[in-house]
1. Taking the Cα centre of the protein assembly as shown as the origin and placing charges on Cβ (Lys, Arg +1; Asp, Glu -1), which of A:Thr55, B:Val303, B:Gly218 is farthest toward the positive end of the dipole?
2. Which translational diffusion coefficient, to the nearest whole µm²/s, is obtained for the range B:51-202 from the Stokes-Einstein equation, given a Kirkwood hydrodynamic radius over C-alpha pairs, 37 °C and 0.692 mPa s?
3. Would you mind checking the tilt of helix A:127-137 against the longest principal axis of the Cα atoms of chain A, expressed as 0 to 90 degrees and rounded to 10?
4. Tally up the carbon and sulfur contribution to the accessible surface of the protein assembly as shown as a whole percent, 1.4 Å probe, everything protein left in place.
5. Indicate the residues belonging to the range B:155-200 that lose 10 Å² or more of solvent-accessible heavy-atom surface (probe 1.4 Å) upon moving from the chain alone to the assembly of all protein chains, ignoring ligands and nucleic acids.
6. Rounded to a whole number, what is D in µm²/s for chain B from Stokes-Einstein with the Kirkwood radius over alpha-carbon pairs (20 °C, 1.002 mPa s)?
7. Rolling a 1.4 angstrom probe over the protein heavy atoms, how many square angstrom per residue are accessible across chain A?
8. Measure out, as a whole number of angstrom, how far apart the alpha-carbon centroids of the range B:248-265 and the range A:172-231 sit.
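The values are calculated or read from the model by the stated rules, or taken from the named source; none is laboratory data. As the structure is a prediction and not an experimental result, all values here were calculated from the model. Note: ideal-geometry Cβ built from the backbone for every residue, glycine included; neighbour counts use all protein chains shown. Ligands, DNA and RNA are excluded from the accessible area calculation, which covers all protein heavy atoms including side chains. Shrake-Rupley method; radii C 1.70, N 1.55, O 1.52, S 1.80 Å.
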Amino acid sequence: MFHGMRRKASVYGAMASVIPKIYMAYSLWFWVSLVLNVIATTIFVFFWRAVYANTNSIAGLDLQQTLNYILLAQIFAPLGNMQLIFEFGYNLREGGIAHALLRPVDFQGSYYGQYLTTMVTELVLQIPLALVVTLVFKVQWPTDPRVWVAFIVSAFLGRTVLFFFDWILACLTFYTTEVWGLGVFVDGISMFFSGRLIPLTMLPPLLLVIAGMTPFAQAFYIPISLLSGVKPLSQAPRLWLLQAIWLVALWVLSRLIFRVAVRKVTVQGG
Amino acid sequence: MSIIQTEDLTKIYRLNQKDPGVTGAIKALVRPRHRDLVAVDQISFTVAAGEMVGYIGVNGAGKSTTIKLLTGILVPTNGKVEVLGRDPHRQRVDNARQIGVVFGQRTQLWWDLALIESLNLIAKIYEIESSRYQFLLEQFSTSLGIKELLPIPIRNMSLGQKMRAELAAALIHEPQIVYLDEPTIGLDLIVKERIRDFIKQQNREKGTTVILTTHDLGDIEELCQRVIIIDKGKLIYDGPINTIKDRFGKFRTITFETCEPITQIKLPPGAEIITPDRHSEERKLALRFDRTITTASRVAAEVMNQVEVVDFSITEPDLPSIVKQIYGGALQGD
């Protein structure tokens, strides 16, 4: 069994190792996105300073706590990136899905490996932004190693939750073969309900409840809240459990949906 | 022993129907309409281990859909398909280990990676033993001439280079069956020749079963002893290529461009005029001759003795015309 697992890890690891190589094939976009991220972060900081000009606290968070959350959210933005809807759509349109299905590997497993690797690669590429933010805006990094452990576990669980959710939505493209509308809609919803723009505690009560019922918050808000101190370390085990429940439910659902949806695959052209 | 079996294999696509324009788009949104397209219609055949079978038909005949059903990418609407004793869709992963596929119009290689990186990755995915992989890489580098292509990213390759790289990627794990869907499309004669030789070599040395779809009858003649012809999803011929060649391949068309309009001409036995008719003022003369009765040089010499010829060309019958004749019942009674 151990040998089998090692073999699988080697195969999926090899497939995932392609991701950083593909990122490194083009360098211009890296510099462009770094500049854009620095500009966006600067705007966020000045915006929140203006918001706090006449108040000391919003939803229980002071300016420094909010800024810290926002800056960390910018640095760790790749935790909330969704990619499968557009990827499946592209592969269906261009016919690449045929070759993807012809690999002798578990289709979902291979995509999961690549999903995690994409996140890690994008996080590594965020290091220059992290340096700029640390030097210019004085972001406060946690010093307690337990906070980092809580963050890493939570980020891993959250990313997996998001993967299964992304997968379920991507399976819809087998039926629609049109992805633009769905992709843009999900991106928009995710922007608000993941906590990438503002800490979720600042949402109106009804939206806060809705955000809590979506998997976006599991992938982004929870790990960033633990890292930034918006949520205390003592809540970590409860939050992990919640994430694990989401994970198992979405994993089962995603497997069932894929089994049905893959029967609908149409490989375009020739 | 047959390793591929299909029985009444049928694939029906459900297509959305829209009227043109914005009104049509809105109508389709409110009341969607569909129509069924039968891409593969109750096809039954078997393929034995080591066979090289040409699977031919005009565009839209259902060739590629059949290949996708055999590989397990698509699920049949009706009927049965079995490859190496498995249901290729239900047992997709096990089936995928034993087959190789080249789709001439799309790549299985990683666009931004050097060819060697793609091949190394494929070797990992198929768990090819390291020394065996090195041996095959060396062998393929020579027979496909890809040694100098190994460090080049796929996106920088020409069509011919890409196709040789695709073949290496599809066969490096030594599959029992290889499906080649138009592997020579758009390639020049030299590359075609190299690819055909490589396929023959794999079949000869490893007993690889080859299912080949193509529009190039040259590929079929070079590689296959048997052809399956489909039209509008239906199987219309399954048998030896010699029958097709004897029946349809014996005719050639020779077209002359002449200095003067031709009013009368004497032809050798086995040749006949197609166009123009004898009273035409045209300066072009198209003849059809039977290669088993006469030769191109005899026909050309006879014509050139009688009229001044500016230019001439010889063409062989194309696939659509053969399929058309077969579909019209041309093989009945053979």
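1. Positive-end residue among those listed: A:Thr55.
2. 202
3. It is inclined by approximately 10 degrees.
4. Reported share for carbon and sulfur atoms: 60 percent.
5. Those are B:Arg155, which lose 10 Å² or more relative to the chain on its own.
6. 94
7. With the other protein chains kept in place, chain A gives 48 Å² per residue.
8. If you average the Cα positions of each part, the centres end up 74 Å apart.
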